[in-house]
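The values are calculated or read from the model by the stated rules, or taken from the named source; none is laboratory data. What you see is a predicted model, and the numbers here were worked out from it, not measured in a lab. Cβ atoms come from the backbone with ideal geometry, glycine included; neighbour counts cover every protein chain shown.
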Amino acid sequence: MNAPTRTSSSPVLLWLVLVLGAGVNAAGSLTGLPDPIRITAGAIATIALVALIVHYVRRRR
């Protein structure tokens, strides 16, 4: 008997956070957003990227 598979929305949310954080960071340099906002958006995007990598490495095991 096959075990039921669990679907998780965490990778989808992490991708969304990554794209939004990177978008704010990129658009901020073009529109002149203050540096603290751009740095925060970049840090959030970086954390989402690391979380995605950890998720996929753990899933492979």
message: Can you list residue pairs whose Cβ atoms sit under 8 Å apart, with the first residue in segment 16-41 being of a type in the set (S, T, N, Q) and the second being in a helix (DSSP H, G or I)? Count only pairs 6 or more apart in sequence or on different chains.
response: ASN25/ARG38; ASN25/ALA41; ASN25/GLY42; ASN25/ALA45; SER29/ARG38
- prompt: For residues in segment 2-39 being modelled with pLDDT under 90 and part of a helix (DSSP H, G or I), which is farthest from ALA51 (Cα to Cα)?
  reply: SER29
- prompt: Restricting segment 10-29 to residues that are within 8 Å of the chain's Cα centre (by Cα) and not aliphatic (A, V, I, L, M), which is surrounded by the fewest Cβ atoms within 10 Å (Cβ to Cβ)?
  reply: TRP15
- prompt: When only residues in segment 30-56 that are among the hydroxyl-bearing types (Ser, Thr, Tyr) and loosely packed, with under 12 Cβ neighbours inside 10 Å count, which is farthest from PRO11 (Cα to Cα)?
  reply: THR31
